[in-house]
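The values are calculated or read from the model by the stated rules, or taken from the named source; none is laboratory data. What you see is a predicted model, and the numbers here were worked out from it, not measured in a lab. When we count neighbours, we look across all protein chains shown, and the Cβ atoms used for this are built from the backbone with ideal geometry, even at glycine. SASA here: full protein model, heavy atoms, side chains in, ligands and nucleic acids out. Shrake-Rupley method; radii C 1.70, N 1.55, O 1.52, S 1.80 Å.
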Amino acid sequence: MRNVFLLLITLALVLLAAALAPVFLNDPGVVQIRFRGWTLEMSVLVLVLGVLLAWMILYFVVRIWRLPTETARKVREQRALKQLEKGLLALTEGDWTTAERALQKSTSSEGQTTARYLAAAQAADGQQAGDRAEWYLEQAESGGRKNRFLVDLTRARLLTENGRFEEAVPVLEELRRRRKRHSQVLELLSRCYRAMGRWQSMQEILPVMQKAGLIDEKRAEALKNQAAEAQIAQSKDLEQLKATWNAFPRPMQKSSGIVLAFAEKAARLGGSELTESVLRASLKKEWDSALLIPYGDPGANDASQRLKQCEKWMVDHPEDARLHLALGRLCAREELWGKARHHMIRSLELEPTVAGYDSLGQLLERQGELEMAMACFRNALRMNMGEKPLPLPSEHIKLNAPPDS
């Protein structure tokens, strides 16, 4: 194409010279060429045709001279394309060895090889050949700075897939500084942060992921709650737990899942007294009986307050099995044995649970009813193993069949 273009330019110049000849020559139709005493006269038309003929002869001589080289180059390109196709198909099938061999052969031809090296790196990584994968990445990187982003993104993806999250994060964070809303960078960062337990970092990129359209509002809310619950679980003492809790926005502090995680963690750390107001506020916003289980685990001085609150809730939720269980536990704490027994039995009538049988067993054990206490503990164990509870061996405790679900 370039040679044809030059031919057209030459033709245009010759025709321009022929057109301007009448202006500059004495005899418009004749051109005189003098060389060392010799004079050659010819018409302008003959000169033009002679130049064109000479050019065409030269052009075809050069083309014929280059023909073997061009033919060999095209054959190499065709072979490389076939190897590229073979390699990509093998890569799709997971045949890493065949894919790497074919892709390596495809890079032997001239032209763009970045994509081929990146694919070969993936094939080598599939064979757990990290050194070869890195070599391919370095070869792809030598193609110029414009390929650096793609190479680093491939490197980070391979590190992430191999579980080398600590090595992948610095690469991904650098890529994010260059392209703040790149979807793959954000997704890989999210995966690494979750795997490493870097929940604060995870919280920071969620708004960016939402703006980039990677997650919708519902998914973003679920990930925020997951991150918050994980941060609570990582608290090592009550001071850290309180600091983590106070850092959450108010709407998050009323989410039942986060409140439940906070209450359970506080109880494990010996800080149940921190949970009463939090649990009560969340239950006031939205009734979730799962929160009643930790509510029935009082702190040092708030059992009476919790008991009175449960009795108020009982007016509106008389058939809530977990509310009966929480009230039974609180009554046992206050040594109101009869009421404790009544509410625990009613809880099991409404919904047999491991916690219900275990609590009733502890109460009966304290009252010296060891046979029935052991029966309750066995039922708790059976339910924990996925089996149905057995009837209790006493007429003093009669459990009606639970209502149909």
>> Per residue, how large is the accessible surface of the stretch 241-366? Use a 1.4 angstrom probe and give square angstrom.
In response: 46
> Got a sec? Charge dipole of the stretch 173-322, +1 on Cβ for Lys and Arg, -1 for Asp and Glu; which of Gln226, Met196, Met314 is way out at the positive end?
Replying inline: Met196
> How much net charge surrounds Gln184 when only other residues with a Cβ under 12 Å from its Cβ are counted (Lys, Arg +1; Asp, Glu -1)?
Replying inline: +3
> Which of Lys105/Lys180; Lys218/Lys285; Lys180/Lys265; Lys254/Lys339; Lys254/Lys388; Lys284/Lys308 have a Cα-Cα distance over 25 Å?
Replying inline: Lys105/Lys180; Lys180/Lys265; Lys254/Lys339; Lys254/Lys388
> Roughly how many Å is it from the Cα centre of the stretch 322-388 to that of the stretch 249-279, as a whole number?
Replying inline: 25
> Which whole-number percent gives the relative contact order of the stretch 253-382, counting Cα pairs below 8 Å spaced six or more residues apart?
Replying inline: 17
> Which of rounded, prolate, oblate describes the stretch 112-182, given a ≥ b ≥ c as roots of the alpha-carbon gyration tensor eigenvalues and a/c under 1.5 marking rounded, otherwise prolate only if a/b is larger than b/c?
Replying inline: oblate
> According to the square roots a ≥ b ≥ c of the eigenvalues of the Cα gyration tensor, what is the shape class of the stretch 326-375, taking rounded for a/c under 1.5, prolate for a/b larger than b/c otherwise, and oblate for the remainder?
Replying inline: oblate
